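The values are calculated or read from the model by the stated rules, or taken from the named source; none is laboratory data. Everything quoted here is computed from the prediction, not taken from an experiment. In this analysis, Cβ positions are derived from the backbone assuming ideal geometry, glycine residues included, and neighbour counts consider all displayed protein chains. Quick note on the areas: whole protein, heavy atoms, side chains included, nothing else; ligands and nucleic acids left out. Shrake-Rupley method; radii C 1.70, N 1.55, O 1.52, S 1.80 Å.
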Amino acid sequence: MNSEEVTAVGAPIRSHISDYAETGPAEPSAKADSPAPEPRPSNPEPRRSRLLDYAEAEPPVRRDVEGRQAPKLGVPAYHTPVLVPAHPRYVDALDASGRSTRVPFIAYELFEHPTDGTVALAFTTPARLVAALGEAQPWVATSIGPLAEGVREHGVTVRVDPRVAPGHHNWRPDDLAAYAREVR
């Protein structure tokens with residue numbers, strides 16, 4: 001009994017895996033009545049699965065209703081409003097006439113994340129912000145796109161609606177009252 005499998009038309013079944021790995025002439029068949037082996041090119045062009053063509057291809061660019069490039073799936077749209085932990089800061093400066101003045105600005109609060117390094121937190125609703133950071137947490141509203149672009153320049157990523165360990169609030173009501181007295 002012959003150990004080589006054959007197709008319904010009597011041709012031997014040969015794996016094509018060797019076409020990807022071997023170069024040079026094909027090995028001769030052990031059968032005396034088999035046709036002469038076909039020589040393989042000495043430097044064949046590597047074959048690839050067509051599946052990789054789809055996997056490596058860039059996804060089609062999606063457009064939003066206004067014709068702008070839409071975000072990738074799972075990423076909030078550029079102008080999605082978010083609430084970001086932040087608080088006012090002041091710097092003493094001189095105005096145009098040379099008088100001393102306080103110039104206000106907003107400072108985003110950044111946090112250390114165990115795997116992402118320094119992150120800015122963003123929340124899609126006030127309830128999610130309060131649940132994560134407490135009711136005394138100061139915040140500002142902004143759009144996710146400008147926030148992400150602004151902090152990316154400093155190596156900071158944005159985490160949207162993160163889970164925060166309960167009971168570890170960043171600001172407590174007493175902290176907020178003390179800060180308000182300090183900046184008056």
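Descriptive notes on the structure:
- When THR101 is tested against the conditions (1) open to solvent by 70 Å² or more (accessible area, probe 1.4 Å); (2) without any contact (Cβ under 8 Å) to a residue 12 or more places away in the chain; (3) of a type in the set (Ser, Thr, Tyr), the lone failure is (1).
- Residue among HIS87, HIS79, HIS113 that is within 17 Å of ARG163 (Cβ to Cβ), of a type outside the set (Lys, Arg) and modelled with pLDDT under 90: HIS113
- Taken as a whole, the structure leaves ALA177 outside the set of residues that are part of a strand (DSSP E or B) and within 18 Å of HIS87 (Cα to Cα).
- Of the numbered criteria (1) part of a loop (DSSP other than H, G, I, E, B); (2) of a type outside the set (S, T, N, Q); (3) in contact with a helix residue (DSSP H, G or I) (Cβ under 9 Å, 6 or more places away or on another chain); (4) open to solvent by 80 Å² or more (accessible area, probe 1.4 Å), the one ALA96 fails is (3).
- Pick from the stretch 74-93, criterion part of a loop (DSSP other than H, G, I, E, B) and of a type in the set (A, V, I, L, M), ranking: least open to solvent (accessible area, probe 1.4 Å): ALA77
- Selection from the stretch 138-157 of residues that are more than 14 Å from ILE106 (Cα to Cα) and open to solvent by less than 20 Å² (accessible area, probe 1.4 Å): ILE144, GLY145, VAL156
- For the stretch 138-153, the count of residues that are free of Cβ contacts under 8 Å to residues at least 12 places away in the same chain and not in a helix (DSSP H, G or I) is nonzero.
- Some residue of the stretch 104-118 being among the small types (Gly, Ala, Ser) and open to solvent by 40 Å² or more (accessible area, probe 1.4 Å): no
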